[in-house]
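K.L.:
Structure in structure tokens, see below.
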């Protein structure tokens with residue numbers, strides 16, 4: 001299965017939480033990380049006191065798990081517009097970065113692994129939502 005990791009799942013994995021590790025091990029034949037997630041992670045690292053450590057750990061995890069980073073390009077931007085338009089028509093709001101994450105997921109045809117229930121509103125992607 002192509003698993004696209006949301007920010008909260010990367011954090012859970014990096015912290016060693018069993019449900020994230022087990023889900024990735026069981027279903028993550030191919031792993032992807034939206035570039036938007038990298039932005040969210042780096043923002044968090046910059047606010048914290050262990051920026052260098054966290055950046056190094058991120059690079060290590062990406063390398064060891066052979067995670068493919070999904071760039072935002074014209075195709076992803078078009079998918080963003082499709083998803084955002086559909087959400088507006090349904091009267092559903094989700095955080096704007098999550099619309100971009102969904103667009104990246106749609107681009108690679110993956111399944112988003114997340115803890116955020118609002119991804120259930122995005123009909124253009126498959127999602128696996130881990131319970132908190």
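K.L.:
For residues that are more than 11 Å from the chain's Cα centre (by Cα) and assigned to a helix (DSSP H, G or I), scanning just the stretch 91-118, find the one that is farthest from residue 78 (Cα to Cα).
P.N.:
Looking at residues that are more than 11 Å from the chain's Cα centre (by Cα) and assigned to a helix (DSSP H, G or I), I get 117.
K.L.:
Any residue in the stretch 47-69 that is without any contact (Cβ under 8 Å) to a residue 60 or more places away in the chain, in contact with a helix residue (DSSP H, G or I) (Cβ under 9 Å, 6 or more places away or on another chain) and under 25 Å from residue 121 (Cα atoms)?
P.N.:
Checking the stretch 47-69: at least one residue is without any contact (Cβ under 8 Å) to a residue 60 or more places away in the chain, in contact with a helix residue (DSSP H, G or I) (Cβ under 9 Å, 6 or more places away or on another chain) and under 25 Å from residue 121 (Cα atoms).
K.L.:
Would you point out which residue out of 132, 102 is at pLDDT below 95 and under 21 Å from residue 13 (Cα atoms)?
P.N.:
132
This table checks each residue for (1) exposed (fewer than 13 other Cβ atoms within 10 Å of the Cβ); (2) farther than 17 Å from residue 36 by Cβ.
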{"site": "87", "(1), (2)": "no, no"}
{"site": "90", "(1), (2)": "yes, yes"}
{"site": "96", "(1), (2)": "yes, no"}
{"site": "99", "(1), (2)": "no, no"}
{"site": "102", "(1), (2)": "no, no"}
{"site": "110", "(1), (2)": "no, no"}
{"site": "114", "(1), (2)": "no, no"}
{"site": "124", "(1), (2)": "no, no"}
{"site": "129", "(1), (2)": "no, yes"}
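K.L.:
I've got another one for you. Is it the case that residue 88 is at pLDDT 95 or above and not in a helix (DSSP H, G or I)?
P.N.:
It is false that residue 88 is at pLDDT 95 or above and not in a helix (DSSP H, G or I).
The values are calculated or read from the model by the stated rules, or taken from the named source; none is laboratory data. Bear in mind that the values here come from a model prediction, so they are computed numbers and not experimental data. Please note: Cβ atoms are built from the backbone with ideal geometry, for glycine as well, and neighbour counts cover all protein chains shown.
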